[in-house]
Amino acid sequence: QVQLVESGGGLVQPGGSLTLSCAASGFEDFATSTMGWWRQVTGKERERIATIGGSGISTSYADFAKGRFTISRDNSKFTLILEMTNLVPEDTGMYYCVRPRGDLWGRGTQVTVAS
């Protein structure tokens, strides 16, 4: 069975940084699977943050994420990573690790940006 488990969420002050991780298990082809991060922030619909190709070279970001968020992966550890900087209260919400193929989602991790 394939599974995605997010970690690293929590409370951070505005202007701070946070790194989220996603542990993938049960994959036979993780290194060739496009992966991504989505989020649902307060008052908005679910939205894509970024995606990354299997090799880790090809990335794509939503406009709001460009310059602040960085997606990466460590295929040797079956791990997907999201580095977030200069966080603002509007970033508060649930963050999800996703494999678009098969519409596979983790349960999410909560990020709260507040003083």
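The values are calculated or read from the model by the stated rules, or taken from the named source; none is laboratory data. It should be emphasised that the depicted structure is a prediction, and the values quoted were computed from it without experimental measurement. Cβ placement follows ideal geometry from the backbone for every residue including glycine, while neighbour counts extend to all protein chains displayed. Just the protein is used for accessible areas: all its heavy atoms, side chains included, with ligands, DNA and RNA removed. Shrake-Rupley method; radii C 1.70, N 1.55, O 1.52, S 1.80 Å.
Candidates are the residues of the range 13-46 that are β-branched (Val, Ile, Thr) and open to solvent by 20 Å² or more (accessible area, probe 1.4 Å); the one that is farthest from Val98 (Cα to Cα) is Thr42.
For the range 1-28, what are the residues that are assigned to a strand (DSSP E or B) and at positive phi? Before you say what the answer is, go through the steps one by one.
Narrowing the range 1-28 to residues assigned to a strand (DSSP E or B): 3-7, 10-12, 18-25.
Passing the criteria: only Gly10.
Taking the conditions (1) farther than 26 Å from Glu28 by Cα; (2) open to solvent by 50 Å² or more (accessible area, probe 1.4 Å); (3) of a type in the set (Ser, Thr, Tyr) in turn, Thr70 satisfies each one other than (1). The set of residues in the range 76-98 that are among the aromatic types (Phe, Trp, Tyr) and either open to solvent by 30 Å² or more (accessible area, probe 1.4 Å) or part of a loop (DSSP other than H, G, I, E, B) (or both) comprises Phe78, Tyr96.
Out of the residues in the range 57-67 that are open to solvent by 40 Å² or more (accessible area, probe 1.4 Å) and hydrophobic (A, V, I, L, M, F, W, C), which is farthest from Ser25 (Cα to Cα)?
Going through the range 57-67, the residues open to solvent by 40 Å² or more (accessible area, probe 1.4 Å) turn out to be 57-61, 63-64, 66-67.
Remaining after also requiring hydrophobic (A, V, I, L, M, F, W, C): 57, 64.
Numbers: Ile57: 22, Phe64: 29 Å.
The qualifying residue farthest from Ser25 (Cα to Cα) is Phe64.
The single condition among (1) loosely packed, with under 14 Cβ neighbours inside 10 Å; (2) within 13 Å of Pro100 (Cβ to Cβ); (3) among the polar types (S, T, N, Q) that Thr51 does not satisfy is (1).
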